[in-house]
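Working notes for the structure below.
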Amino acid sequence: MRVYTFTSRNRGTSLLVGLLVLGAGLGLLVLGLALLAGIAIVGGVLGAGILAYRALRGQRPPPVEQGATPGLDPALEVFSPPRTIGPNDERTHG
C-alpha cells in the first residue's frame, strides 16, 4: 500500500499546509450543509406554493380513506413452509 507523506524542514510551512487542508475540509463540509439547507428551503417554498395555489382555486385535498379495520389482520399472515432436513445419503456425500 502506498503511503504519501509531506516533509518539510520548516515548521511554519508544515503548519500552514495542515491548516490549509483542514480549511479545505471545513469548506467542503459547509458547502454540503448549505446545499442541503437550500434543498430544504426550495422544497418548503415549492410545497407552500402548491398549497397556496390549491387554496386559491378552492380545491381541497382528497380525503384519506381508512380501511375497515385499522389494525393488522392475523388471517392475512403468510408463513413459509417449514424446512426439514432429510437423512444423510451417502451416495450424495461421496
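The values are calculated or read from the model by the stated rules, or taken from the named source; none is laboratory data. Note that the structure is predicted; figures quoted are calculated from it, not measured. Note that we place each Cβ from the backbone using ideal geometry, even for glycine, and neighbour counts take in every protein chain shown.
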Contact list, first residue from the range 1-22 and on the phi < 0 side of the Ramachandran plot, second anywhere and modelled with pLDDT under 85 and in a loop (DSSP other than H, G, I, E, B), beta-carbon distance below 8 Å, six or more apart or interchain, is Ser14/Phe6; Ser14/Ser8; Val17/Phe6; Val17/Ser8
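Do we find a residue being modelled with pLDDT under 90 and surrounded by 10 or more Cβ atoms within 10 Å (Cβ to Cβ) anywhere in the range 55-75? Lay out the reasoning, then the answer.
Going residue by residue through the range 55-75, those that are modelled with pLDDT under 90 are 55, 58-75.
From what's left, surrounded by 10 or more Cβ atoms within 10 Å (Cβ to Cβ): 55.
Yes, there is a match, as at least one residue in the range 55-75 is modelled with pLDDT under 90 and surrounded by 10 or more Cβ atoms within 10 Å (Cβ to Cβ).
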